[in-house]
Amino acid sequence: MSPNQFRVGMDSYDLYPLGLDPLQTLRWAKGHGAEGVQFSGLESRFQAIADRAYLRDLAAYARENGLYLEWVGSQHIPREPGTWAKKELLAINRAAAEQAAALDTRIVRSCSGGLMRWQPDSPMTETLLRETAAAMLSQKQMLIDHNVILAIETHFEFTSFELVRLFERCDASPGAWLGICLDVMNLLTMLEDPVCATRRLLPWVVCTHMKDGGIALTPEGLTTFPVPVGKGVVDLPAILQLLGSLSRNVALSVEDHGGSFPLPIFDPDFLSKFPDLTAAELARLMKLAQMAADRSTAGCRMVEREGWPKLCERRTAGDIAALKEIVTALR
């Protein structure tokens, strides 16, 4: 894939304060230069109207306006975040796969959610990996039958190292039934250099969250936070070069929001939960923190979640335009 084939779109989560329904989101995207939408979880009032006829109307609007569609609603960790009670995922993932089929999209993003290593009562990561592998293998044929790829987001459950081991346990072939939604800023929050982690996960990447970010040194350790595209320390051009080496097309969906994530790396117990972290990569994160401090006056600053509703439209539109400029510069 060459940079000429990149399509720049957005995630519907960017505009969650506006309360738009899916069709309104597509119209907003079209009106602001996006080339597609990856949908985040639908509110219950929208789930109620998202029957097959509605989804077909969405697909028709997308086709008529040249927009890509990527869906959501699947999960991969068979536990309830917080309580850690066992949870059956087959019905959840089958429903998401059926919706994706109605939309004529292969991509169904999976996010099981939760800052698991941050919670002292969380199950061991190895336990979650083992259970996730078993759940995914039991659903392999269902996903193949629906011709969808369950794309696990690089969120706050597993590092890139652990995701690679998960895919090995599932004997998953790149581009088949199991893949990765590469959220490039979340990699910082999992104590990973985004470019290094992208290299590790590259064969399995099928969709993206193109989210720039900053990282700050604090008395407790580090803090990560989203910033406007092009203003942070995520090396987006290098990541796009890597994505451009893939033989399949991968859409670039901007995701942005307020808030921050504390990383208490000075706590030995917390740091021990990242056994694959090397001194070299930790040093790289410290260098990125210095870069972020140097760029703070140029827009590499945190926005509180409470401030996001007033910024969401302007910043999302700016992110789309900025990412398009980066793509153009690579051509």
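Read-outs throughout are calculated quantities, based only on the coordinates presented, and are distinct from any laboratory measurement. Everything numeric here is computed off the predicted structure, so don't read it as measured data. Here the Cβ positions follow ideal geometry from the backbone for every residue, glycine too, while neighbour counts run over all protein chains shown.
Each residue of region 98-109 is assigned a 3J(HN,Hα), and the resulting list reads 5, 5, 4, 4, 5, 7, 6, 10, 8, 8, 10, 6 Hz, derived from the Karplus form 6.51 cos²θ - 1.76 cosθ + 1.60 (θ = phi - 60°), x at Gly and Pro. Taking all C-alpha pairs of the chain, those more than 29 Å from each other amount to 35 percent. Applying 1/(1 + (r/R0)^6) with R0 = 45 Å to the Cβ-Cβ distance of Thr127 and Glu98 gives a FRET efficiency near 0.90. Region 272-331 and region 10-29 have Cα centres separated by 22 Å.
Fewest Cβ neighbours within 10 Å first, please rank Trp308, Trp71 accordingly. Don't jump to the answer; show the numbers that get you there.
Details: Trp308 18, Trp71 27.
With the fewest neighbours first, Trp308, Trp71 line up as Trp308, Trp71.
The distance from the alpha carbon centre of region 111-172 to that of region 199-218 is 17 Å, rounded to a whole number.
Of Met116, Ile149, Gln139, which is farthest along the charge dipole of region 54-181 in the positive direction, counting Lys and Arg as +1 and Asp and Glu as -1 at C-beta? The listed residue farthest towards the positive side: Gln139. Is the shape of region 206-331 rounded, prolate or oblate, going by the alpha carbon gyration tensor and its root eigenvalues a ≥ b ≥ c, with a/c under 1.5 for rounded and a/b larger than b/c for prolate? Since a/c reaches 1.5 but b/c is at least a/b, the shape of region 206-331 is classed as oblate. As a rough footprinting exposure proxy, the listed residues Ser245, Ser122 were ranked by other beta carbons within 10 Å of their own, and the order from fewest upward is Ser245, Ser122.
Residue order for Glu304, Glu192, fewest other beta carbons within 10 angstrom first, comes to Glu304, Glu192.
Listed values for region 182-187 are Karplus-derived 3J(HN,Hα) couplings in whole Hz (6.51 cos²θ - 1.76 cosθ + 1.60, θ = phi - 60°), namely 7, 8, 6, 7, 4, 4, and x replaces Gly and Pro. Pairs with C-alpha atoms separated by more than 25 Å, drawn from the list Lys30/Lys310; Lys87/Lys310; Lys30/Lys211; Lys231/Lys310; Lys211/Lys310; Lys211/Lys287, are Lys87/Lys310. Pairwise Cα distances in region 115-234 exceed 21 Å in 43 percent of cases.
Based on Cα contacts under 8 Å between residues 6+ apart, the chain shows a relative contact order of 20 percent. Listed values for region 320-330 are Karplus-derived 3J(HN,Hα) couplings in whole Hz (6.51 cos²θ - 1.76 cosθ + 1.60, θ = phi - 60°), namely 4, 5, 5, 5, 4, 5, 5, 4, 4, 5, 7, and x replaces Gly and Pro. Just want the answer: with Cβ charges of +1 for Lys and Arg and -1 for Asp and Glu, which residue in Leu201, Ala293, Gly82 is farthest toward the dipole's positive end in region 3-330? Of the listed residues, the answer is Leu201. Summarising the amide proton neighbourhood of Ile149: residues at separation of 5 or more, or on other chains, whose placed amide H is nearer than 5 Å comprise Ile107, Val108.
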